[in-house]
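Scroll down for the structure; my scribbles are underneath it.
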Amino acid sequence: MTQVMTDDGCRLWTQVTGHGPRIVLVHGGPGWWDVFHDLSLPGFTLHRWDQRGCGRSDRCGPYTLARYVADLATICGPEPCIVIGHSWGASLALEFAQAHPDAVSRLVLVSSVGLDGPPADYRARVAERLAGTAEADPWIAQISVNLADRATALEQARKLNTPSFEPNPVCADALRAELAALPDRAGACVKVVVPTLLVQGAEDLRPPYVTDSLLAALPDAERVVLDGVGHYPWVEDPDGFRKVVREFLD
């Protein structure tokens, strides 16, 4: 485990494991931290990191898309690499690939909410699932609704939340608002010329069809939907997730 210093003096927590082609992992949120500790991709070097304001990184702004794209550029370094982004991290990875198309050799967007966000009934579906979840910790309950297997959802949520930190709502609100206000996100996708894989869970409360917008906008994109999987494919179906990612990268 190390820290990377950005050009404005923010220390970002990072961890590098494995050997082989470099993959930079971009966690979800915003305002959360890296939860890729159970991801296994033998034959690759995995770069995990906590975004600024989150987890083990410095809790300092500015919390803007431009700053987060610059931070990701610092993590990736000067050589092209594979970028895998999850949920909000998929949106950030997409913004990075648009701003730095030569820095990305392959792009994998996992559990993306597409260009238009979750469906209209998303909050109602979350509330319904929360009502049936017996858990005293509201944060664990919130994480668990995103897992398809309800019998193991709380156990998996606790593992995802280990180690545990305080979420950053200021960061989350600022980035969500800025992302929602971006004009012509579909038009910007033409800049992403690298092969792109969308990995979605069939049981995600944000259904796979929300990424139809990305399939239409990205020049070279394909989508794989994993059955019986919610929002965390590498946790819920590690073998299936590893298989589709390796086939794409190979």
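What follows is calculated from the coordinates using simple rules that are stated; it is not laboratory data. If you're wondering where the values come from, they're calculated on a predicted model, not measured in any experiment. Don't worry about glycine lacking a Cβ; one is built from the backbone with ideal geometry, like all the others, and counts go over all protein chains shown.
Quick rundown of the values:
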{"item": "Hz values of 3J(HN,Hα) by residue in the range 10-22 - Karplus curve (6.51, -1.76, 1.60), Gly and Pro given as x", "result": "8, 8, 9, 5, 9, 9, 10, 9, x, 9, x, x, 7"}
{"item": "Contour excess over end-to-end distance, with Cα ends at Met5 and Glu166 and 0.36 nm allotted per residue", "result": "55.8 nm"}
{"item": "Thr152-Glu178 FRET efficiency (beta carbon distance; Förster radius 35 Å; 0.05 resolution)", "result": "0.50"}
{"item": "Antiparallel bridges, percent of DSSP beta bridges restricted to the chain (to nearest 5)", "result": "30 percent"}
{"item": "Mean ellipticity per residue at 222 nm, deg cm²/dmol - from DSSP H runs of n ≥ 4 across the chain, formula -39500 (n - 2.57)", "result": "-9500 deg cm²/dmol"}
{"item": "Cα-based shape type of the range 111-208, given that a ≥ b ≥ c are square roots of the gyration tensor eigenvalues and the cut on a/c is 1.5", "result": "prolate"}
{"item": "Span-rule helices in the chain, defined as complete DSSP H runs reaching 18 Å or more along the axis (Cα) with Kyte mean at least -1.0", "result": "none"}
{"item": "Highest-first arrangement of 139-146, 74-81, 46-53, where packing means the average Cβ count within 10 Å", "result": "46-53, 139-146, 74-81"}
{"item": "Percentage relative contact order, the chain, counting C-alpha pairs under 8 Å, at least six apart", "result": "20 percent"}
{"item": "Span per principal axis, largest first, for the Cα atoms of the range 1-159 (Å)", "result": "48, 32, 29"}
{"item": "Within-10-Å neighbourhood charge of Gly114 [Cβ basis; K, R +1; D, E -1]", "result": "0"}
